[in-house]
């Protein structure tokens with residue numbers, strides 16, 4: 001009997017040890033994907049990508065928002081955060097740029113937390129528009145009118161869903177949620193907010209079109225103002241990569257260990273990112289890169305490797321669709337060289 005008990009204990013200990021070897025955990029308990037590339041591989045490939053594209057001067061800053069036109073177009077930073085909290089950064093990593101449309105992803109996540117996926121889908125929808133991200137024609141022509149949460153009309157509708165007794169309560173809730181996803185306190189870039197608030201007549205027009213079709217769920221101009229504030233939140237590339245890694249880690253922030261988003265909501269968020277995350281370039285992005293991602297006209301892009309981590313790149317020069325030129329090139333290079341593309345067998349360890 002003593003021998004059998006000892007043998008059982010040894011077997012349990014061996015199984016635990018084996019599990020720790022094949023699926024390592026960080027101090028906070030995050031699990032590393034068994035098919036994720038090694039840390040040194042990631043470091044090497046990201047460094048090469050940075051070196052290859054650091055001299056690229058293609059594209060130009062967004063100029064329809066006065067503040068963004070003045071940002072130093074030479075700035076360039078890259079950050080990778082894995083689900084087991086391995087962090088790699090290079091280039092300009094301290095500068096806080098405005099999150100812009102990447103904010104749409106996390107307001108969608110908050111709406112899903114409050115209302116659940118069925119109610120959000122019913123009230124907003126998730127269909128590509130085939131038109132520009134700020135198109136009023138799409139609002140008129142599409143049966144859902146809102147299209148999806150990652151174009152402006154759908155994003156304003158999503159923001160209007162967030163609960164709160166007043167505008168300040170809603171805004172503070174959104175900012176606190178972003179901060180939990182980033183793992184540290186974020187704040188509004190007031191100069192960006194004022195610059196955008198002075199030039200957001202197009203979004204106000206979209207909000208009243210939504211009101212016409214009964215597809216906005218709070219005061220239209222109040223919702224636009226909150227939406228403008230969320231776009232003006234400042235992040236650096238490491239914070240943005242951490243927000244992406246929270247999505248990759250099934251809703252748990254890999255740095256703090258806090259659950260930010262329900263695991264069951266993650267697939268809905270990532271599917272929206274894949275379909276509409278890069279404006280009119282979303283189809284080409286899926287074709288070439290194969291990762292859920294979201295861009296912002298502030299120059300940031302975050303791409304999510306589910307179960308593995310996220311990469312964020314900041315470079316203000318944009319293409320005609322409003323996506324950072326360098327960021328796209330860097331993430332495409334990294335995705336190909338580290339088998340991140342979700343549509344390839346390599347992404348799940350098959351060669």
Alpha-carbon centroid distance for the pair segment 244-311 / segment 68-106, whole angstrom: 14 Å
FRET efficiency estimate (nearest 0.05) - Cβ-Cβ, residue 57 to residue 350, R0 25 angstrom: 0.05
C-alpha long axis of helix 237-248 to longest principal axis of the chain, angle in °: 70 degrees
With Cα atoms, 0 to 90° folded angle of helix 152-161 axis to the chain main axis: 80 degrees
Packing-based ranking, highest mean first, of 201-213, 290-302 given that Cβ atoms within 10 Å are counted: 290-302, 201-213
Contour excess over end-to-end distance, with Cα ends at residue 163 and residue 219 and 0.36 nm allotted per residue: 18.9 nm
Peptides 309-318, 78-87, 56-65, 234-243 ordered by average Cβ neighbours within 10 Å, highest first: 309-318, 234-243, 78-87, 56-65
Which of 287, 171 has the fewest Cβ neighbours within 10 Å, and the rest in rising order: 287, 171
Theoretical ellipticity at 222 nm over the chain - DSSP helices of four or more residues, -39500 (n - 2.57) apiece, nearest 500: -14500 deg cm²/dmol
Residues 43, 215, sorted so that the one with the fewest Cβ neighbours within 10 Å comes first: 43, 215
Length released on extending from residue 211 to residue 176, taking residue separation times 0.36 nm less the Cα-Cα span: 9.8 nm
Prolate/oblate/rounded call for segment 277-346, Cα gyration tensor, a/c under 1.5 rounded: prolate
Packing rank of 268-278, 143-153, where each peptide gets the mean count of other beta carbons within 10 Å, highest leading: 143-153, 268-278
Added length on full extension, which subtracts the Cα-Cα distance from 0.36 nm per residue, residue 137 to residue 113: 5.6 nm
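Read-outs: derived from the displayed coordinates by stated rules, not from any lab. Quick caveat: nothing in here was measured; it's all calculated off a predicted structure. All Cβ positions, glycine included, derive from the backbone under ideal geometry; neighbour counts span all protein chains shown.
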